[in-house]
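Inspection log for the structure reproduced underneath, given as structure tokens.
The values are calculated or read from the model by the stated rules, or taken from the named source; none is laboratory data. All figures in this text were calculated on a predicted structure; none of them were measured in a lab. Using ideal geometry, Cβ is built from the backbone for each residue, glycine included, and neighbour counts are taken over all protein chains shown.
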Amino acid sequence: MPEDEKAATPHFHPASAADFLPRRLLERVQAERLRETVERAWTGVPLYRERMRAAGASPQDIRSLADLGRLPFTTKADLRDAYPFGLFACPMQEIVRLHASSGTTGKPVVVAYTREDLALWTSVMMRSLAMAGVHAGDIVQNAYGYGLFTGGLGAHYGAEGLGATVIPTSGGNTDRQILVMKDFGVTVICCTPSYFLHMIDRAAQLGIDLRELPLRIGVFGAEPWTEAMRLRIERLSGIRAFDIYGLSEIIGPGVGMECECRSGLHIFEDQFYPEIIDPSTGAPLPEGEEGELVITTLTKRAMPMIRYRTRDITALIPEACPCGRTLRRIRRISRRSDDMLIIRGVNVFPSQVEAALLEVEHTLPHYQIILTRAHGLDQMEVQVEVTPETFSDRVGVLEELGERIAEALERVTGLRMQVTLVEPNTIARSEGKARRVIDRRSAV
Amino acid sequence: MKLQQLSVFCENKPGHLIEPVRLLARAGIDLRALTLADTQKFGILRLIVRDWQRAKELLESSGAVVKVTEVIAVEVPDRPGGLAGVLELFEGTQINIEYMYAFPYVRGERAVLVFRFDDPDGAIRLLAAGGVRVLERSELEGF
């Protein structure tokens with residue numbers, strides 16, 4: 001399909017009107033909704049009441065957004081401790097849906113929705129997809145997993161709400177995904193960015209060039225990804241790739257979304273109030289400074305979240321967005337406070353490893369970090385797949401490549417790591433979230 | 001004449017060499033010359049085959065990374081001094097041999113030397129001037 005036919009013309013859906021509220025009106029709405037939420041949390045959830053009492057606060061103290069800092073934080077541990085239903089603010093009769101997070105350790109976190117909550121979720125997903133340029137008439141292949149994970153159903157109802165045609169392929173069975181994409185004239189793909197890269201690779205093996213299909217928009221989320229991955233995706237598939245943000249504790253996907261400017265993600269602030277705090281002290285940070293994102297839900301009924309610590313590291317962007325939306329933006333999330341690896345006492349983030357690989361190779365190869373312990377010391381090995389661009393018939397060139405990567409890693413992290421070049425397609429491609437780190441330290 | 005050599009990346013682990021070799025065997029692709037460069041962690045399998053385009057496609061579709069490099073094959077007498085005589089041509093020049101490998105082809109009579117030069121065109125001129133016979137692709141495929 002020619003480039004100009006694929007080019008996005010702005011389509012505005014009525015649901016998007018809330019993206020453009022004048023700031024003063026927006027802030028009045030936020031303050032009013034905050035008061036209602038705090039009242040509901042106090043009345044409906046014993047944990048919130050106890051916490052607020054312990055902090056010497058009551059709903060009467062929360063008059064404006066400036067009073068938010070008086071409320072205690074809520075953490076993932078609180079949700080686990082409340083397993084399964086301890087944070088629900090209304091009786092089960094009013095709850096029409098339950099989802100659960102894919103907790104990697106221990107019990108999952110259960111989240112609940114009333115009918116109003118589902119309508120809210122659909123509306124923020126409609127606004128998210130509309131922001132990327134999705135509209136009625138689009139054919140949306142939804143390859144997020146359907147089930148307890150919020151990704152599948154969230155994107156599903158949002159796309160249907162816009163009047164698009166939804167194909168609920170869910171995750172997995174890549175060959176069939178590609179067949180559907182090609183034969184059904186898919187124009188929008190929703191999935192994790194690492195899974196789409198896997199689809200690109202597989203399509204190439206099958207002799208299908210995604211650039212020749214009508215596909216024009218990708219809505220990628222559920223894991224952190226980099227600008228380099230975006231460039232790679234766009235170059236190889238000819239689409240425009242958008243970052244969507246969300247977490248099940250808040251609602252699922254649809255908490256924040258990139259607009260056509262793609263310089264930060266607009267937070268649907270009329271529903272989810274963002275703050276940035278210092279993750280070690282909990283102190284609020286001024287706009288523009290990097291820290292942990294904290295969100296308070298403003299209208300959610302079944303499970304209001306008061307100052308929920310997302311563990312995602314980002315910053316609020318102080319400038320207004322050229323797109324005209326008044327919703328503030330956060331920078332793309334490249335790391336989570338709990339992605340942090342501690343290696344011989346040094347903090348290392350997978351995003352730093354990506355930065356080093358990118359510096360040397362210019363595009364991001366598939367890689368994996370393997371942690372082991374030998375002689376009482378943490379050992380970190382970075383396995384990097386050889387690509388047609390980096391491969392050479394000369395041993396010296398490959399050895400030098402490994403050395404240059406090791407040097408770049410050392411510059412970025414301060415640690416000397418072992419770099420191993422491995423054959424292509426040997427690092428497992430996940431069909432859900434990319435597994436970048438294998439920690440075998442406890443097993444040793 | 002320059003010949004196309006295929007190089008394939010292999011990890012230095014049991015079972016990793018056989019995969020590309022078996023793939024070519026099943027496709028009936030004849031290996032004319034082969035060498036394996038090894039390091040502690042990885043190896044580079046270098047091959048001259050009869051139908052290099054098809055071999056490259058097969059290897060790539062199996063997921064391997066393949067690089068095509070131009071190498072030069074020359075024929076020398078298979079006796080002491082055969083190789084030295086060729087190398088002497090390059091003494092005092094700026095042309096560097098990145099690597100080379102050799103195999104006899106009529107035992108006791110002639111041997112083939114395969115060179116990867118940093119400047120293949122310069123090397124061909126020097127070889128020709130020194131009276132060394134550079135092999136055509138068809139000749140190498142023929143034996």
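Side notes on the structure shown:
- In region A:360-392, the residue that is surrounded by the fewest Cβ atoms within 10 Å (Cβ to Cβ) out of those that are over 26 Å from the mean Cα position of the chain (by Cα) and within 14 Å of chain B (Cβ to nearest Cβ) is A:Glu389.
- The listed residues are A:Pro388, A:Pro322, and the only one of them that is farther than 30 Å from A:Glu50 by Cα, in a loop (DSSP other than H, G, I, E, B) and touching a residue at least 40 places away in the same chain (Cβ under 8 Å) turns out to be A:Pro322.
- Listed by position, the strands (runs of 3 or more DSSP E) enclosed by region B:1-52 that each have at least 3 residues that are within 11 Å of chain A (Cβ to nearest Cβ), touching a residue at least 40 places away in the same chain (Cβ under 8 Å) and touching a strand residue (DSSP E or B) at 6+ places or on another chain (Cβ under 9 Å) are B:2-11.
- If you go through region B:111-128 and pick out every residue that is farther than 16 Å from B:Gly82 by Cα, touching a Phe, Trp or Tyr at 6+ places or on another chain (Cβ under 8 Å) and away from every other protein chain (no Cβ under 14 Å), you end up with 2.
- Scope region A:393-419; condition hydrophobic (A, V, I, L, M, F, W, C), assigned to a helix (DSSP H, G or I) and more than 12 Å from chain B (Cβ to nearest Cβ); matching residues: A:Ile405, A:Ala406, A:Ala408, A:Leu409, A:Val412
- For region B:69-86, a residue qualifies if it is in a helix (DSSP H, G or I) and surrounded by fewer than 13 Cβ atoms within 10 Å (Cβ to Cβ), and exactly one does: B:Ala84.
- Residues that are on the phi > 0 side of the Ramachandran plot and more than 19 Å from the chain's Cα centre (by Cα) were ranked within region A:292-351; the one that is modelled with the highest pLDDT is A:Gly324.
- Residue match in region B:69-90 (condition: closer than 27 Å to A:Val384 by Cβ, more than 14 Å from chain A (Cβ to nearest Cβ) and within 18 Å of the chain's Cα centre (by Cα)): no
Residues are listed down the side, and each one gets a yes or a no for (1) closer than 30 Å to A:Thr187 by Cβ; (2) of a type in the set (A, V, I, L, M); (3) in a helix (DSSP H, G or I):
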| site | (1), (2), (3) |
| --- | --- |
| A:Lys107 | no, no, no |
| A:Glu116 | no, no, yes |
| A:Met125 | yes, yes, yes |
| A:Gly137 | yes, no, no |
| A:Gln141 | yes, no, no |
| A:Tyr144 | yes, no, no |
| A:His156 | yes, no, yes |
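- Applying the condition of being out of contact with any Ser or Thr (no Cβ under 6 Å at 6 or more places or on another chain) and crowded, with 23+ Cβ neighbours inside 10 Å to region A:251-266 and asking which residue is nearest to A:Arg97 (Cα to Cα) yields A:Ile251.
- Number of residues in region A:323-348 that are touching a Lys or Arg at 6+ places or on another chain (Cβ under 7 Å) and closer than 15 Å to A:Glu410 by Cβ: the value is 0.
- Some residue of region A:239-256 being at pLDDT below 95 and either over 26 Å from A:Pro108 (Cβ atoms) or outside the structural domain of A:Ala320 (by TED's automatic domain parsing) (or both): no
- Answer residue from region B:53-68, given it is away from every other protein chain (no Cβ under 14 Å) and surrounded by fewer than 19 Cβ atoms within 10 Å (Cβ to Cβ) and is nearest to B:Glu98 (Cα to Cα) among those: B:Gln53
- Hits in region A:30-53 - residues which are closer than 16 Å to A:Ser64 by Cα, more than 26 Å from the chain's Cα centre (by Cα) and β-branched (Val, Ile, Thr): A:Val38
- Residue count for region A:188-238, restricted to those that are within 22 Å of the chain's Cα centre (by Cα), under 20 Å from A:Ile167 (Cβ atoms) and surrounded by fewer than 16 Cβ atoms within 10 Å (Cβ to Cβ): 0
- Residue under evaluation A:Arg344, criteria (1) within 22 Å of B:Ile44 (Cβ to Cβ); (2) away from every other protein chain (no Cβ under 14 Å); (3) among the basic types (Lys, Arg), criterion not met: (1)
- Per this entry, A:Leu357 is counted among residues that are in contact (Cβ under 8 Å) with a residue 12 or more places away in the chain, under 21 Å from A:Leu197 (Cα atoms), surrounded by 20 or more Cβ atoms within 10 Å (Cβ to Cβ) and not acidic (Asp, Glu).
- Residue check: B:Glu60 meets all listed conditions (1) in contact (Cβ under 8 Å) with a residue 24 or more places away in the chain; (2) charged (D, E, K, R); (3) assigned by TED's automatic domain parsing to the domain that holds B:Pro14 but one, namely (1).
- Search result, residues across region A:193-235 that are assigned to a loop (DSSP other than H, G, I, E, B) and either at negative phi or aromatic (Phe, Trp, Tyr) (or both): A:Leu206, A:Ile208, A:Asp209, A:Leu213, A:Pro214, A:Leu215, A:Arg216, A:Gly221, A:Glu223, A:Pro224, A:Trp225, A:Thr226
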